[in-house]
1. Can you tell me which of 89-95, 154-160, 129-135 comes out highest on packing, and rank the rest after it, using the mean Cβ neighbours within 10 Å?
2. State, to one decimal in nm, how far the label point of A7 lies from the label point of A93, with both points 7 Å from Cα in the Cβ direction.
3. Once both labels are modelled 7 Å past Cα along the beta-carbon direction, what's the E133-D54 spacing in nm?
4. Please turn the phi angles of region 96-111 into ³J(HN,Hα) values with the Karplus equation 6.51 cos²θ - 1.76 cosθ + 1.60 (θ = phi - 60°), one per residue in order, whole Hz, x for glycine and proline.
5. Between beta-carbons, use under 14 Å as the cut-off and find the net charge around Y102, counting Lys and Arg +1, Asp and Glu -1.
6. Tabulate in residue order the Karplus-calculated ³J(HN,Hα) for region 73-86, using 6.51 cos²θ - 1.76 cosθ + 1.60 with θ = phi - 60°, rounded to whole Hz; enter x for Gly and Pro.
7. Counting heavy atoms of the protein chains only and a 1.4 Å probe, report the per residue accessible area for the chain as a whole number of Å².
Amino acid sequence: MTWGLLAAWVANDLEELATMAGWARSARPRLQERFPKVPERVWARMDLSQRDVDVAIGLMGGVVAAASADGARTGGRSPFFRTVLVGFGLHGAVHMVQSLAYRGYTPGVATAPAVVVPYSLWAVRRLKTAGIEIGGVGAAAATLALLPVAVAGVHGLAHRLNRPHRRGARTAA
């Protein structure tokens, strides 16, 4: 059950890997027209190269793999595993809400209702059957607050890792 988190994540992120960069480029004009008051710097963050997407997904994969391994090691009792599991399920719901708000396809939405949400609900039920509580509404709210931080963090780090380095440039200490 714990390694199922990684398997479900791979299914969802293969979809995102194949669609995210291109979708962001094609959706930006429609979103800018719909939300004209959003500052240009926000839209600039939406410019994702395929390389940025690849690295961000790889970084998040490391987090999910570590959570799955910790869950396997602890029989699902790891707070890290349970937090990532709940975050993964909530992220599936976010995919569906985003597509409803966009009124069309958004990356990850095809596998969200088919893989992400069903796996997450099944895993939570399995944990509860084993006497392992997820943590209730407070834990879900904290996880929901951490989710955008984790996503922004991996995308920011990916962008930083992928930007060209100037030869001979010195870094500030």
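1. Ranking the peptides 89-95, 154-160, 129-135 by packing returns 89-95, 154-160, 129-135.
2. 2.5
3. 4.6
4. Running phi through 6.51 cos²θ - 1.76 cosθ + 1.60 with θ = phi - 60° gives 5, 5, 4, 5, 5, 5, 6, 6, x, 5, 10, x, x, 6, 5, 8 Hz.
5. Summing Lys and Arg as +1 and Asp and Glu as -1 gives +3.
6. Each residue of region 73-86 in turn: 5, 9, x, x, 7, 4, x, 4, 4, 5, 5, 5, 4, 5 Hz.
7. Using a 1.4 Å probe on heavy atoms only, each residue of the chain averages 59 Å².
The values are calculated or read from the model by the stated rules, or taken from the named source; none is laboratory data. The model shown is predicted, which means the values in this text are computed figures rather than measured ones. Don't worry about glycine lacking a Cβ; one is built from the backbone with ideal geometry, like all the others, and counts go over all protein chains shown. Each accessible area value is taken on the protein alone, full model and side chains, heavy atoms only, with ligands, DNA and RNA left out. Shrake-Rupley method; radii C 1.70, N 1.55, O 1.52, S 1.80 Å.
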